[in-house]
1. Would you point out the residue of the stretch 363-411, among those that are part of a helix (DSSP H, G or I) and basic (Lys, Arg), that is surrounded by the fewest Cβ atoms within 10 Å (Cβ to Cβ)?
2. Consider Ile379 against the criteria (1) touching a Gly at 6+ places or on another chain (Cβ under 9 Å); (2) under 30 Å from Val531 (Cα atoms); (3) outside the structural domain of Gly277 (by TED's automatic domain parsing): it satisfies all of them except one. Which criterion is unmet?
3. So Leu338 clears everything in (1) in a helix (DSSP H, G or I); (2) free of Cβ contacts under 8 Å to residues at least 24 places away in the same chain; (3) within 17 Å of Val553 (Cβ to Cβ) except one condition, right? Which one?
4. Looking only at the stretch 645-675, how many residues end up being surrounded by 20 or more Cβ atoms within 10 Å (Cβ to Cβ), outside any loop (DSSP other than H, G, I, E, B) and of a type outside the set (A, V, I, L, M, F, W, C)?
5. Can you tell me which residue within the stretch 473-489, out of those that are closer than 17 Å to Tyr453 by Cα and without any contact (Cβ under 8 Å) to a residue 40 or more places away in the chain, is surrounded by the fewest Cβ atoms within 10 Å (Cβ to Cβ)?
6. Might you check whether a residue that is of a type in the set (Asp, Glu), out of contact with any helix residue (DSSP H, G or I) (no Cβ under 9 Å at 6 or more places or on another chain) and in a strand (DSSP E or B) occurs anywhere in the stretch 595-615?
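The values are calculated or read from the model by the stated rules, or taken from the named source; none is laboratory data. Quantities reported herein were computed from a predicted structural model and do not represent experimental measurements. Neighbour counts are summed over all protein chains in view; Cβ atoms, including those assigned to glycine, are modelled from backbone coordinates with ideal geometry.
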Amino acid sequence: MAIPTVWPPEESPQRGMRLSPAPALDPSLAGSLVLLHLAVVAGGLALLSSASASGLESVRCRLQGTPRPPAFSQDGDFVIGGVFSIHNYMHTVDRSYTSMPEPLQCTGSQEVLTHLSSIYSLDSRELRFSRALVFAVEEINNSSYLLPGVTLGYQVHDSCSSVPMAVKVAFQLANGLDPMFDTGEQCSGSATVTAIVGESGSTPTISMLRIIGPFGIPQVSHFSTCACLSDKKQYPTFFRTIPSDQFQAAALAHLIRHFGWTWIGAVRSDSDYGNNGMAAFLQAAQEEGICVEYSEAFYRTNPLSRVQRVADVIRSSTARVVVAFAAIGDMRILLRELDRLPSPPRQWIGSETWLTDPDMLRFGLCAGAIGFGIQRSVIPGLRDFLLDLSPQKVSNSPLLTEFWERAFGCWLGIGVGVEEKVCDGSEDIQQLQVPYTDTSQLRVTNMVYKAVYAIAHAIHSIVCEERENSTVKCDKSLHVKPTQVLERLRRVNFSRNGYQVSFDANGDPVATYELVNWQIGESGKMEFVTVGRYDASLPPDQRFDMEREITWVKNSTQVPVSVCSESCPPGTRKAVQKGKPVCCYDCIQCAEGEISNNTDSSDCLICPEEYWPNAERDRCILKPVEFLSFHEVLGIILTACSVGGACLAIATATVFYRHRTSAIVRANNSELSFLLLFSLTLCFLCSLTFIGRPSEWSCMLRHTAFGITFVLCISCVLGKTIVVLMAFRATLPGSNVMKWFGPPQQRLTVVSFTFVQTLICTLWLVLSPPFPIKNLTTYKEKIILECDVGSTIGFWAVLGYIGFLALLCFVLAFLGRKLPDNFNEAKFITFSMLIFCAVWITFIPAYVSSPGKFTVAVEIFAIITSSFGLFFLLFVPKCFIILFRPEKNTKKHLMEKTSNDIRY
């Protein structure tokens, strides 16, 4: 596993760091030069060797550079590596390129760089993670069922949360720390660790995988959540006990949509973790219809002006909800900047990385923050182990010494100034309240614990076997390669402390989260409260489960509102504002005939053909059905007129019958008069067929009855007109014309004219009869029940034939209007036909233009008006003479010529 190189004897590696191949370098080693360059650039390990001129008979290798000692270590039959971000920064040094660079060093924060007298601060939570690995290894070593008789060792390193240090540690875990070793033939050997637990950050994890991945060393992370690490083509040796951010991003988007937030801000760490996590979240948010007002990225090493700019964006934004996919160190800097100046209240939605860190609870501006965290767990004995720190143990570990001095504000060791406080042994770690000692929220710590046990189970399946008497025998002398552990890790499946541990094809566990809320407890301090759960293995509609009330920003119980535009109520639709995201819109009322029955509808739905929106336009209701009814005012008036006209016609017929022997009745062709009164009665009554709900029979009856009765009426009038004219001709000397216009001929004339109309109506009913329809076009908001004429030709043929007879009758009556009779009926026929034609000529445009039931009303009005015109002009004068002027109802009076008629 070590990287072989050969240095010329005359050139020291400390002077120029220049590589040159030995004269007798084996060709098989040429490819290793590339890896050598990578090791040197990364601050890793180069190797020094000497060789004979005849070949590589014996090789003595020496580490190039200064190795970094582990924070905690212990020898064992099989060694597990551990990498944690115990410090947040790496101390940077100016490169002069004239001397060997100084060894890499860690520091706690940027502020320390300007305060050299300060103690380097560290992340005590990460220290707890590293100590949990030590605890798990010791617990396994004391176990009787897991790796009995086998001792596990560990090498725990601090990566400073930086890529260069992570790469250096990766080389050290792969090659070991011995300054020199002799392999006999070549600088090659197995890795010093069988597997690695870590790193805490996704970016350092990726850099480590690039180094150790090609050698098949498995790496099980407890806190690297970047979804990119699930790509087995790039990272085939990676596993993790914490769920991927792909699941957390989907859960966060589902959570935000659940509370109705569609207008949010987003901040992230400018790292693989932040960028990939935010990309997954934005994709999920877009699918949920959530809009992002801004998305800002920053990193802890950026200039302060960059962090201030991000803080200013948050302060000036209109989004009240902020989603933060950021590492702890980055988030701490941002919140400190936001806390510096007054800021409008914001509802924070956090990723697991920082939301469940107890050290972050000191930022009161995040009160009410919610987000998903790893399930809390219980690790029996861990708290006692963490607090078991004697002064001897602390003094033996520089890392524990730094923690102790920072926690208690005193100094250990030699060289302390007079004015500085010295630790006197009275310090009680039991009373210390820091993330290191807080075991009430064991979330990520349990991920470390499970990772160690997963590696132990994989090694157990290689070196141990169960015998017939149920005893387990392990061969600790067996040479175990990292690739073997890698293969067995894929099949690991066990339960520890009630928690199941297994990996899917991508090396990911089952994603389960707790919904964590920052609430102010009874003591007045901020604390984590589990208010719900999320299980990605369940169906989508069952994944999210709320258990208790959430306390929101400003300690409110009311869910905050964060939308770009207020919700559009039912009956309206959203219209996106030009140049703005889809969540910024105007509410526009649905168009005529459309509805929206949901809040924030993007489109309105068209109502079915027979339905129409209600006044609010939020549901479709049946259109009201309209027709000329007997129960409405217009129908009652027309019915009264129709029945009244028929009664008058019958009454007149009665009067005529009682005075049938009188001169005026006999002189005006009593037979045709009775037939005319009968037809007028039918004309009045046929208008009733136009009133009421149309049916197939009523539609056919109304038009045919109207056409036939009116032709019968006009035929009678035409017959009377012809008789009047012929009677005048018959008075001329030598005229014998009346013999052709006697009663039989009159009856035949009426029957003939009526038969033609009957034939037209019969053909109309046979070929294309009228039928009832629902008129949906005249009025959009209601249905008009009416009769379709069927054949338009038949309809206008019936009307045209009536019009032809009426016009013929008018012409003949007009010719006989001045005949020398005292009572000249031709005058009245002329006026009656004039009224009849005027009515029906006016009827045509009125009929075509009248909407709905008024079309029928116009037709009834025309029928009644024309019928009354004929009745009043033809029969009222006669009835007046019969009833009120009987002295004129004599043959003598009728035969007298007035003085005005002498000229004739």
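1. Ranking the qualifying residues of the stretch 363-411, first place goes to Lys393.
2. Result: Ile379 fails condition (1) only.
3. So Leu338 meets the others, but not (2).
4. Going through the stretch 645-675 one residue at a time, the tally reaches 3.
5. Per the criteria, the residue is Glu487.
6. Initially, the stretch 595-615 is screened for residues of a type in the set (Asp, Glu), giving 600, 603, 609-610.
Next, only the ones that are out of contact with any helix residue (DSSP H, G or I) (no Cβ under 9 Å at 6 or more places or on another chain) stay: 600, 603, 609-610.
Remaining after also requiring in a strand (DSSP E or B): none.
No: zero hits.
This table checks each residue for (1) in contact with a Leu (Cβ under 7 Å, 6 or more places away or on another chain); (2) hydrophobic (A, V, I, L, M, F, W, C); (3) over 15 Å from Cys879 (Cα atoms).
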{"position": "Asp618", "(1), (2), (3)": "no, no, yes"}
{"position": "Ile621", "(1), (2), (3)": "no, yes, yes"}
{"position": "Val665", "(1), (2), (3)": "no, yes, no"}
{"position": "Phe674", "(1), (2), (3)": "no, yes, no"}
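Rundown of residues vs (1) touching a Lys or Arg at 6+ places or on another chain (Cβ under 9 Å); (2) surrounded by 11 or more Cβ atoms within 10 Å (Cβ to Cβ), yes/no style:
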| residue | (1), (2) |
| --- | --- |
| Asp508 | yes, yes |
| Gln519 | no, yes |
| Val529 | yes, yes |
| Tyr534 | yes, yes |
| Pro540 | no, no |
| Asn555 | no, no |
| Val559 | no, yes |
